[in-house]
Amino acid sequence: MKVQIVAELAQGFEGRPEQARLLLRAAAAAGADAAKYQLVYADELATPDYKYYDLFRSLEMADDVWSGLSSYAREQDIELHLDIFGSRSLALAEKIGARAIKLHGTDIANIGLLDEVAQSSMQKIFLGAGGAHLSEIEEAVSRLSGKKVVVLLGFQGYPTPTETNQIARVGFLCNWFRSARESVELGFADHASPDSPLKYALAAAALGAGATVIEKHLTLGKAMMLEDHESALNPDEFKEFSHVMRDCVAALGEVDDSNGFGMAEAEDAYRRTIRRHVVSAKAIPEGTVLSPADLVLKRTAAEHPITNLNDVYQKRTSRAVAPNQALLADDIK
């Protein structure tokens, strides 16, 4: 199993190109696999009478700025992901070579936009599913057939109360989309308070439930109070977060269908070390058919002992065995 860690930069660039570059560089240095911005055009999001319309306008940047960020992302060896909200932002994401786009949870039932995305050249789509019903998720995934879809659970509650995360939904949807797991992954957008001891634990829980993508807000500094800072980590905290998530994935490991699950050599060596030896519980005459009453498990000094009781039950002794002696291969036939 691998995890993709996405640094959610959202609107933290505040319409400033140099601030956007600083955020991207911080994301790369902090160990993120991808950096995601909201590619905002006010008229795709709201009508001019909406209370935050002017804020949205202040977030707009020229197309060549976004193109420059795409080039800078390649220099920093980090993927560029973009939230898109309409035809214009989708077209620019395609043009500048964004590696993935995200549809915000508000667009999960936006059939026209879903169909545009389905017909676009974008191959990887993050489907924001915070607040979404199962029927909406199913229809959106169906309309995006042929794409690599990441259903991204989690919602921004500035920050999100712990008990509202319902991370069990990750496992539920993993099972729901089991037959489509080659094309549908599950992710978790973590919005825990950066001051909470759960700021790393919630994402780890999502990994354990089956998530393969973790999205986490990053800011240049919480004291700066940039846009969307409420659930964001500072770069040094994000770097630690990245290490912790990758260590969690390493700890989850992989399981095969063999009798030993494909356990690591270190655990297999542990197994060999701790196994106790088959020992006679009493004097056993030659020719005895061995039963549980004849045997116990103990540690001994024997070099090549028998460790599995099932290997000796119902076997006959080839010679007499004294009490409290390790049974050896030559003792049974």
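The values are calculated or read from the model by the stated rules, or taken from the named source; none is laboratory data. All of these numbers come straight from a predicted model, not from anything done at the bench. Cβ coordinates were reconstructed from backbone atoms using ideal geometry, including for glycine residues, and neighbour counts include every protein chain displayed. Accessible surface is based on the protein model in full, side chains and every heavy atom, while ligands, DNA and RNA are left aside. Shrake-Rupley method; radii C 1.70, N 1.55, O 1.52, S 1.80 Å.
For segment 1-79 and segment 134-158, compute the distance between their C-alpha centroids and round to whole Å.
If you average the Cα positions of each part, the centres end up 21 Å apart.
Between 215, 60, 163, where does the largest GNM mean-square fluctuation fall for the chain, given springs only between Cα atoms within less than 10 Å?
Its mean-square fluctuation being the largest, the pick is 163.
For segment 15-65, what are Rg and Dmax over the alpha carbons, in angstrom?
For segment 15-65, the Cα radius of gyration and maximum Cα-Cα distance read 13.2, 41 Å.
Using +1 at the C-beta of Lys and Arg and -1 at the C-beta of Asp and Glu, which of 153, 304, 289 has the Cα lying farthest in the positive direction of the dipole of the chain?
Result: 289.
Let me check the size of the chain from its C-alpha atoms; what are the radius of gyration and Dmax in Å?
Just the Cα atoms of the chain yield Rg and Dmax of 28.7, 98 Å.
Can you say what percent of the DSSP beta bridges in the chain, counting only those with both residues inside, are antiparallel? Round to 5. Kindly include the intermediate steps, with their values, before the conclusion.
On the way: 8 of 44 bridges.
So the antiparallel bridges amount to about 20 percent of the total.
Quick check for me: using +1 on Lys/Arg Cβ and -1 on Asp/Glu Cβ, what's the dipole size of the chain about its Cα centre, in debye to the nearest 20? Each step should come with its number before you reach the end.
Numbers: 35 positive and 47 negative charges, 329 e Å.
In debye, rounded to 20, the chain gives about 1580.
Per DSSP helix of 4 or more residues, -39500 (n - 2.57); summed, then divided by the residues of the chain. What does that give at 222 nm, rounded to the nearest 500?
Working: 11 runs with 111 residues, N = 333.
Theoretical 222 nm ellipticity from helices: -10000 deg cm²/dmol.
Pull up the DSSP beta bridges for segment 15-133 and report the antiparallel fraction as a percent, rounded to 5.
Working: 0 of 12 bridges.
Taking every DSSP beta bridge with both residues in segment 15-133, the antiparallel ones total about 0 percent.
Can you order the peptides 120-127, 77-84, 184-191 by their average number of other Cβ atoms within 10 Å per residue, highest first?
184-191, 77-84, 120-127
Using a Förster distance of 45 angstrom, determine the FRET efficiency expected from the C-beta separation of residue 272 and residue 74, and round it to 0.05. Each step should come with its number before you reach the end.
Details: r = 49 Å, r/R0 = 1.09.
Calculated value: 0.35.
So with the 1.4 Å probe, I'd like the accessible area per residue for segment 279-325, rounded to whole Å².
Working: 2960 Å² over 47 residues.
Accessible surface, normalised per residue, equals 63 Å².
Could you calculate the contour length gain from residue 18 to residue 315, that is, 0.36 nm times the residue separation minus the distance between their Cα atoms, to one decimal place in nm?
On the way: separation 297, 0.36 × 297 = 106.92 nm, distance 7.88 nm.
Using 0.36 nm per residue and subtracting the Cα-Cα distance, I get 99.0 nm.
Got a sec? Which residues in segment 24-46 would a label at residue 119 touch, if it sits 7 Å along Cα→Cβ and we count backbone N under 20 Å?
Residues 44 fall inside that zone.
Stretched out fully, how many nm does the piece from residue 328 to residue 301 gain, at 0.36 nm a residue minus the Cα gap? Numbers along the way, then the final one.
Details: separation 27, 0.36 × 27 = 9.72 nm, distance 1.20 nm.
Gain in length upon complete extension: 8.5 nm.
Mind putting together the pair-distance distribution for segment 159-226? All Cα pairs, 5 Å bins, whole percent per bin, short to long.
4, 16, 25, 21, 14, 10, 6, 3, 1, 0
If we restrict to alpha carbons, what Rg and Dmax does segment 47-175 come to, in Å?
When restricted to the Cα atoms of segment 47-175, Rg and Dmax are 15.9, 44 Å.
I'd like the distance between the alpha-carbon centres of segment 190-207 and segment 273-333, rounded to an integer number of Å.
Spelled out, the Cα-based centre of one part sits 52 Å from the other.
Calculate I(q)/I(0) for segment 206-333 by the Debye formula, one identical point scatterer on each C-alpha and no solvent, and give its log10 at q = 0.12, 0.15 Å⁻¹ to two decimals.
Log-scaled intensity ratios, in q order: -0.65, -0.80.
Which pairs, out of 36/239; 51/95; 199/239; 36/216; 148/239; 102/147, put more than 20 Å between their alpha-carbon atoms?
Details: 36/239 16 Å; 51/95 31 Å; 199/239 13 Å; 36/216 10 Å; 148/239 27 Å; 102/147 12 Å.
In this structure, 51/95; 148/239 exceed 20 Å between Cα atoms.
Once neighbouring chains are kept in place and the probe is 1.4 Å, which whole percent of the accessible area of the chain is contributed by carbon and sulfur?
Working: 8350 of 16580 Å².
Percent of accessible area from carbon and sulfur atoms in the chain: 50.
Which of 196, 255, 231 sits farthest toward the positive end of the charge dipole of segment 194-279, with +1 on the Cβ of Lys and Arg and -1 on the Cβ of Asp and Glu?
My answer, from the dipole projection, is 255.
What is the spin-label model distance, in nm, from residue 283 to residue 263 if the labels are put 7 Å beyond Cα along the C-beta direction?
3.9 nm
Suppose R0 equals 22 Å; then what is the FRET efficiency for residue 252 and residue 198 from their Cβ-Cβ distance, rounded to the nearest 0.05?
Values: r = 19 Å, r/R0 = 0.85.
So, using R0 = 22 Å, E works out to roughly 0.75.
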